[in-house]
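Undergrad: Below is the structure I would like to discuss, written out as structure tokens.
Derivation of every value follows stated rules applied to the coordinates shown; laboratory data play no part. The structure displayed is predicted, hence computed values, not measured ones. Neighbour counts are summed over all protein chains in view; Cβ atoms, including those assigned to glycine, are modelled from backbone coordinates with ideal geometry.
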Amino acid sequence: MRILLTNDDGINADGLAALREAIEGIEGAEVYVVAPDRERSATGHAITLHQPLHVEPVTFAGSRCRAWSVTGTPADCTKIAVEALMDGRPDIVLSGINRGPNLGTDVVYSGTVSAAIEAIILGIPAMAISLGAYENLNYEFAARFTRRLVERYFQWGLGEDVLLNVNVPAIEPELISGVAVTRLGTRRYTNIFDRRVDPRGRVYYWLAGEALDREAGADTDVGALQRNMVSITPIHLELTSHAAVERMRAIELDDLLES
């Protein structure tokens, strides 16, 4: 099995290292790592168009994987790995393990999720894996869980247009109460901009919003993490509102062409 690992926390992130070590334990796994040269959190699905991407080979002590750092975004990393760096297409792309959760509407901003979305665009199954905390982090259980998930994934026939967004509670494994298959909740931010003045007297703003979980029902990813459960949310790229399409098809629109 050929497996590509990437992330948005950077090539030297602890979460990526834990994931790599776990995935290298899969029998017959051919592991590649292509990740940003520095942290690229909250870059969404940005890709680099107006400047070159520089790629540098990377060696991890005791690892047999092939690895590169890229001066680009997480989506860049997946794209360049598949189209230029790897010996063949990966069977699956794993993005993470992210420092902090990616829940609800966070997935729109997330570089971690966007790296996995790029895989889906390229017709490759993918997972985005996140740990539900920012401090006192231990990625070992999340990495072992992901390995087991990968080993069973291809039995389920989910297709190449679905990615799994996985959020693992940052607690002791024995305190985790189960695994929930969920839908995206609604997580928004207060988006408080802190107005400051630099030493030259110029005004600048620092985004310092806090998360507000607007929808955290039992069937949502937000709710599952609150109940100390691993959340697995299948996501696809179909953004069309089919109900609105049917409604608008019943409306006469040709008169909009009148001069």
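Undergrad: Around Ile120, under 10 Å between beta carbons, what's the net of Lys plus Arg minus Asp minus Glu among the other residues?
TA: -3
Undergrad: Let me spell out the model: positive unit charges on the Cβ of Lys and Arg, negative unit charges on the Cβ of Asp and Glu, origin at the Cα centre of the stretch 1-121. What dipole size does that give, in debye rounded to 20?
TA: The dipole magnitude comes to about 100 debye.
Undergrad: Please give the charge dipole size of the chain, origin at the Cα centre, charges +1 on K and R Cβ atoms and -1 on D and E Cβ atoms. Round to the nearest 20 debye.
TA: Once rounded to the nearest 20, the dipole reads 540 debye.
Undergrad: Under the classification rounded if a/c is under 1.5, otherwise prolate if a/b is larger than b/c and oblate if not, where does the stretch 37-189 fall, given a ≥ b ≥ c as square roots of the Cα gyration tensor eigenvalues?
TA: rounded
Undergrad: Please state the charge dipole magnitude for the stretch 129-189, taken about the Cα centre, from unit charges on C-beta atoms (+1 on K and R, -1 on D and E), reported in debye and rounded to the nearest 20.
TA: Charge dipole, the stretch 129-189, about its Cα centre: 180 debye, nearest 20.
Undergrad: Write down the percent of antiparallel bridges among all DSSP beta bridges whose residues are both part of the chain, to the nearest 5.
TA: Antiparallel bridges: around 40 percent, rounded to the nearest 5.
Undergrad: Counting only other residues whose beta carbon sits under 14 Å from that of Asn228, what net charge do I get with K and R as +1, D and E as -1?
TA: After counting each charged neighbour, the total is -2.
Undergrad: Counting just the Cα atoms, what span does the stretch 154-259 cover along each of its three principal axes? Round to the nearest Å and put the largest first.
TA: 64, 61, 26
Undergrad: The chain: D in µm²/s via Stokes-Einstein (Kirkwood Rh, Cα pairs, 4 °C, 1.567 mPa s)?
TA: 66 µm²/s
Undergrad: Now, a different point. Kirkwood hydrodynamic radius, computed over distinct alpha-carbon pairs, for the stretch 1-100: how many Å, to one decimal?
TA: 13.3 Å
Undergrad: Moving on. Within a Cβ distance under 15 Å of Ala18, other residues only, what is the Lys/Arg minus Asp/Glu net charge?
TA: With Lys, Arg at +1 and Asp, Glu at -1, the neighbours total 0.
Undergrad: Let me ask something else. Given labels modelled 7 Å from the Cα in the Cβ direction, how far is it in nm from Glu56 to Glu258?
TA: Those two pseudo-labels are separated by 6.5 nm.
Undergrad: Here's something else I'd like to know. Report, in deg cm²/dmol and to the nearest 500, the calculated mean residue ellipticity at 222 nm for the chain, where each DSSP H run with n ≥ 4 adds -39500 (n - 2.57) and the sum is divided by the residue count.
TA: Per the formula, -6500 deg cm²/dmol.
Undergrad: Another question, then. Search the structure for amide H atoms under 5 Å from the amide H of Gly72, placed 1.01 Å from N in the peptide plane, and list their residues when 5 or more places away or on another chain.
TA: Those lying under 5 Å, H to H, from Gly72 are Asp37.
Undergrad: While we're looking at this one, here's another question. Hey, rough spin-label estimate for Ile176 and Arg2, points 7 angstrom out along Cα→Cβ, what's it come to in nanometres?
TA: Label-label distance for Ile176 and Arg2, simple model: 3.0 nm.
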